[in-house]
1. Restricting attention to the stretch 118-144, which residues are open to solvent by 30 Å² or more (accessible area, probe 1.4 Å), farther than 17 Å from Gly27 by Cβ and in contact (Cβ under 8 Å) with a residue 12 or more places away in the chain?
2. Which strands (runs of 3 or more DSSP E) sit wholly inside the stretch 28-83 and have at least 3 residues that are under 11 Å from the mean Cα position of the chain (by Cα)?
3. Under 9 Å by Cβ, and 6 or more places apart or on different chains, what pairs join a residue from the stretch 105-116 that is modelled with pLDDT under 95 and surrounded by 24 or more Cβ atoms within 10 Å (Cβ to Cβ) with one that is in a loop (DSSP other than H, G, I, E, B) and of a type in the set (Gly, Ala, Ser)?
4. So which residues in the stretch 4-23 are touching an Asp or Glu at 6+ places or on another chain (Cβ under 7 Å) and either open to solvent by 10 Å² or more (accessible area, probe 1.4 Å) or farther than 22 Å from Ala45 by Cβ (or both)?
5. What about Ala148, is it hydrophobic (A, V, I, L, M, F, W, C) and open to solvent by 40 Å² or more (accessible area, probe 1.4 Å)?
6. Residues of the stretch 115-154 being more than 16 Å from Gln75 (Cα to Cα), not in a helix (DSSP H, G or I) and not basic (Lys, Arg), which ones?
Amino acid sequence: MNDNTMIQAVFSPTGGTQRVADAICTGMSVTKLDLCVPVAEQGVAAPLVAVLPVYGGRLPVVAVERLRALKGRGQGAVAVVVYGNRAYEDALLELQDELTAAGFTVIAAAAFIAEHSIVRSIATARPNAEDCAKAAEFGRAVAAKLVAQDMSPVTVPGNKPYKDLPQMPVVPLTTEACGGCGRCARLCPVGAIPADAPQTTDASKCILCMRCVAVCPRRARLLPPPVLEMMTQRLSAIASEPKQPELFI
């Protein structure tokens with residue numbers, strides 16, 4: 001590829017993953033596919049950069065299902081996971097495997113850090129300027145590899161079988177501040193909030209992505225305070241030391 005054209009497929013309910021994806025694609029011509037909404041099955045005629053968040057060391061199931069709609073024909077692909085400063089565990093290997101199974105050759109991969117979507121005091125304001133600079137440098141290295149027609153695959157860390165998918169212990173609550181605007185229902189990636197009852201959440205569908213909390217104009221959605229306090233204490237004890245991006249190219 002000598003025109004720096006990429007297909008960017010991103011699942012980013014709260015925005016941090018999208019910022020990493022955009023930094024990687026700095027200076028490139030990009031066609032964006034939002035995996036927060038259903039994606040039609042389609043062949044991909046350009047290199048793909050797939051950027052997904054990490055939930056409990058794995059990829060969100062709905063994001064994987066939508067990514068599978070993209071079919072490669074031997075094109076190069078970039079696998080990127082974004083996590084909240086704890087650990088990405090098997091997620092990057094899982095993403096590489098999914099892309100390979102879809103017909104892509106994973107020629108580069110990376111793990112970046114973003115502000116934790118639940119405990120916002122962890123990795124606050126990340127990706128920061130330094131993270132974005134590293135992401136842009138990584139993107140330039142990917143572009144150079146594509147121009148050189150270097151399709152050598154990379155090896156990434158992870159284990160098989162993958163760790164078990166995490167269980168969602170709670171769902172966000174709605175306070176009396178809710179005005180019933182339905183914005184949370186319209187933007188929920190998995191349809192867990194009924195349009196006719198936006199004060200409720202279907203626990204069987206919710207993936208705790210926190211988009212409803214992030215987009216509520218009245219800040220009327222939140223996790224139960226005891227649960228948030230417990231998670232803050234637990235994660236602060238194991239995820240307080242700032243992690244750095246890991247690049248594989």
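1. Ser121
2. Values: elements: 29-34, 48-53, 76-83.
Once the strands (runs of 3 or more DSSP E) in the stretch 28-83 are filtered for at least 3 residues that are under 11 Å from the mean Cα position of the chain (by Cα), what remains is 48-53, 76-83.
3. none
4. Gly16
5. yes
6. So the first thing to find is which residues in the stretch 115-154 are more than 16 Å from Gln75 (Cα to Cα), and the list is 115-141.
From what's left, not in a helix (DSSP H, G or I): 115-128.
If the condition is that a residue be more than 16 Å from Gln75 (Cα to Cα), not in a helix (DSSP H, G or I) and not basic (Lys, Arg), then Glu115, His116, Ser117, Ile118, Val119, Ser121, Ile122, Ala123, Thr124, Ala125, Pro127, Asn128 are the ones that fit.
A quick yes/no check of all residues on (1) of a type in the set (Ser, Thr, Tyr); (2) touching a Cys at 6+ places or on another chain (Cβ under 9 Å); (3) within 23 Å of Pro127 (Cβ to Cβ); (4) exposed (fewer than 12 other Cβ atoms within 10 Å of the Cβ):
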| residue | (1), (2), (3), (4) |
| --- | --- |
| Cys216 | no, yes, no, no |
| Arg219 | no, no, no, yes |
| Met231 | no, no, yes, no |
| Pro245 | no, no, yes, no |
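The values are calculated or read from the model by the stated rules, or taken from the named source; none is laboratory data. These figures come from a predicted structure and were not determined experimentally. When we count neighbours, we look across all protein chains shown, and the Cβ atoms used for this are built from the backbone with ideal geometry, even at glycine. Protein only, heavy atoms only, side chains kept; ligands, DNA and RNA dropped before computing areas. Shrake-Rupley method; radii C 1.70, N 1.55, O 1.52, S 1.80 Å.
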